[in-house]
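Chemist: Encoded as structure tokens, here's the structure I'll be asking about.
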Amino acid sequence: MIDAPGGVSIGAALAQARANIEAKRAEAMTVIDVQIAVLESVLPPANLSEQGLQLNEAYRAANGVIDAASPFELVDLCQAASGLCDLIDSARPDQLFDWRIVTVHARTLHLLQMLPLEETAARNTVLDSLKSVADRKLQPPTA
């Protein structure tokens, strides 16, 4: 009952909605921090038999970043995490995954968190660099 007799004014309802969203944003940022820490803690597999488990753990952490960031339109965090998921999806079961990719993506997620939102050029440069890495890694091998 907004703006009806005995109801809540539109201004008060909007103020409450904004406060609720900001509280959820803080929770989401905490989840993002935790997921990045998980991503950083995943150790490179020592052999192919461990690789699936390690990649699944890294994938879940990157997906957790996407889940927490997307409702708040933190597009750059979603793009970086999604790029890592794409690279993990392309991992060949008969080859060790280049674990530097996971490390670079985790550090990049930290960097994107620290960069002010107004620094669009810097944020785009960071994302473009990640995209070029992904493009190189996702290219089929040449004969």
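Chemist: Only one of these conditions is not met by residue 73: (1) at negative phi; (2) exposed (fewer than 14 other Cβ atoms within 10 Å of the Cβ). Which number is it?
Modeler: Condition (1) is where residue 73 drops out.
Residue-wise test of (1) closer than 17 Å to residue 91 by Cα; (2) loosely packed, with under 11 Cβ neighbours inside 10 Å; (3) touching a helix residue (DSSP H, G or I) at 6+ places or on another chain (Cβ under 6 Å).
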{"residue": "8", "(1), (2), (3)": "no, no, no"}
{"residue": "18", "(1), (2), (3)": "no, yes, no"}
{"residue": "46", "(1), (2), (3)": "yes, yes, no"}
{"residue": "50", "(1), (2), (3)": "yes, no, no"}
{"residue": "56", "(1), (2), (3)": "yes, no, no"}
{"residue": "60", "(1), (2), (3)": "yes, no, no"}
{"residue": "67", "(1), (2), (3)": "no, no, no"}
{"residue": "78", "(1), (2), (3)": "no, no, yes"}
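Chemist: Out of all the residues in region 55-80, which are of a type outside the set (A, V, I, L, M) and more than 17 Å from residue 131 (Cβ to Cβ)?
Modeler: 56, 57, 59, 60, 63, 64, 67, 70, 71, 72, 73
Chemist: Another one. Given the residues 33, 86, which is the only one that is within 20 Å of residue 124 (Cβ to Cβ) and surrounded by fewer than 17 Cβ atoms within 10 Å (Cβ to Cβ)?
Modeler: Only one candidate passes the filter, namely 86.
Chemist: Go through region 115-143 and give me each residue that's within 30 Å of residue 92 (Cβ to Cβ), open to solvent by less than 90 Å² (accessible area, probe 1.4 Å) and of a type outside the set (Ser, Thr, Tyr).
Modeler: Those that are within 30 Å of residue 92 (Cβ to Cβ), open to solvent by less than 90 Å² (accessible area, probe 1.4 Å) and of a type outside the set (Ser, Thr, Tyr): 126, 127, 130, 133, 134, 135, 138.
Chemist: Let me ask another. If the Cβ limit is 8 Å and pairs must be 6+ apart or interchain, which residue in region 10-26 that is at positive phi pairs with which residue that is open to solvent by less than 70 Å² (accessible area, probe 1.4 Å)?
Modeler: none
Chemist: Considering only region 89-114, how many residues are aliphatic (A, V, I, L, M), open to solvent by less than 50 Å² (accessible area, probe 1.4 Å) and within 24 Å of residue 49 (Cβ to Cβ)?
Modeler: 4
Chemist: Let me ask something additional. Report yes if residue 60 is closer than 30 Å to residue 21 by Cα, at pLDDT 95 or above and basic (Lys, Arg), otherwise no.
Modeler: Answer is yes for this residue.
The values are calculated or read from the model by the stated rules, or taken from the named source; none is laboratory data. No experiment lies behind these values; they were computed from the predicted model shown. Heads up, the Cβs are rebuilt from the backbone with ideal geometry, glycines too, and the neighbour counts pull from every protein chain shown. Protein only, heavy atoms only, side chains kept; ligands, DNA and RNA dropped before computing areas. Shrake-Rupley method; radii C 1.70, N 1.55, O 1.52, S 1.80 Å.
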